[in-house]
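Enquirer: My structure is below; once you've seen it, I'll send some questions.
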Amino acid sequence: ATPVAYTVALSTLRKAGLVVASGTFLERLARVRHLFVDKTGTLTLGNLEMVDVVSLDHSHKQGSDVADRARQIAKALQKVSHHPVARAFDTIASTISVSRPWVTPGKGVGGEIDGIRYFIGSTDLQPPESSGYWILLTENDRPHTWFRLQDQLRSDSSDLIGEMHALGKKVSV
């Protein structure tokens with residue numbers, strides 16, 4: 001009966017969009033006490049969009065020349081990334097070329113533009129507001145512009161977290 005139960009469970013999970021490498025995962029799942037979830041594309045739809053731009057050098061918001069240039073630089077840098085964050089910059093037009101691009105997994109992307117080193121990604125610095133998902137564009141390692149991104153929660157995210165709590169599991173996002 002165990003192989004049949006594994007097959008049915010794995011098939012059900014696959015149809016729900018989850019890929020499980022081994023049936024032994026199902027046995028270990030019952031012992032899990034703390035669930036760590038990467039929310040982008042897991043609890044959310046994975047369609048990030050830019051909702052705010054805050055320039056640190058000139059205190060301008062969306063619509064300014066400084067913010068427009070920062071968006072274009074961010075777009076040029078994000079061209080080398082396959083991360084869902086990069087898609088938030090897809091609608092921006094940019095003819096800027098990046099030389100010597102690099103990707104730092106889990107942090108962001110960088111490169112040189114006109115002899116200046118730029119990097120965009122996560123940081124330990126405090127963003128302008130506490131709400132939202134903020135990433136920072138730096139110029140020669142100095143903070144330059146904050147971008148706030150937003151994604152929509154999946155309709156069943158609250159149910160999933162509620163069910164995990166009801167089962168006595170702790171959930172960290």
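The values are calculated or read from the model by the stated rules, or taken from the named source; none is laboratory data. It should be emphasised that the depicted structure is a prediction, and the values quoted were computed from it without experimental measurement. Positions of Cβ are generated from backbone atoms using ideal geometry, with glycine treated the same way; all protein chains shown enter the neighbour counts. Note: areas computed on protein heavy atoms with side chains; ligands, DNA, RNA excluded. Shrake-Rupley method; radii C 1.70, N 1.55, O 1.52, S 1.80 Å.
Enquirer: Surrounded by fewer than 20 Cβ atoms within 10 Å (Cβ to Cβ), touching a residue at least 24 places away in the same chain (Cβ under 8 Å) and more than 15 Å from the chain's Cα centre (by Cα): is that true of residue 73 in this structure?
Expert: Answer is no for this residue.
Enquirer: If I ask for residues that are out of contact with any Gly (no Cβ under 8 Å at 6 or more places or on another chain), open to solvent by less than 70 Å² (accessible area, probe 1.4 Å) and in a strand (DSSP E or B), which ones from region 139-173 would you list?
Expert: Of everything in region 139-173, those that are out of contact with any Gly (no Cβ under 8 Å at 6 or more places or on another chain), open to solvent by less than 70 Å² (accessible area, probe 1.4 Å) and in a strand (DSSP E or B) turn out to be 139, 143, 144, 145, 146, 147, 171, 172.
Enquirer: Moving on. Right, residue 82: out of contact with any His (no Cβ under 7 Å at 6 or more places or on another chain), open to solvent by 70 Å² or more (accessible area, probe 1.4 Å) and either closer than 22 Å to residue 45 by Cβ or not polar (S, T, N, Q) (or both) or not?
Expert: Yes.
Enquirer: Now for a different question. So if I check each of 32, 19, 51, 4, which one is modelled with pLDDT of 80 or more, open to solvent by 90 Å² or more (accessible area, probe 1.4 Å) and of a type in the set (A, V, I, L, M)?
Expert: On inspection, the qualifying residue turns out to be 4.
Enquirer: Determine which member of the set 101, 128 is touching a residue at least 24 places away in the same chain (Cβ under 8 Å), closer than 28 Å to residue 37 by Cα and open to solvent by 60 Å² or more (accessible area, probe 1.4 Å).
Expert: Result of the check over 101, 128: 128.
Enquirer: For a quick check of your reading of the model, give me the residue pairs whose first member lies in region 14-30 and is over 18 Å from residue 156 (Cβ atoms), whose second is assigned to a helix (DSSP H, G or I), with beta-carbon atoms closer than 6 Å and at least 6 apart or on different chains.
Expert: Short answer, once both residue conditions are applied: 20/10; 20/13; 23/6; 26/9.
Enquirer: Determine, yes or no, whether residue 96 is of a type outside the set (Lys, Arg) and under 17 Å from residue 47 (Cα atoms).
Expert: No: the conditions fail for residue 96.
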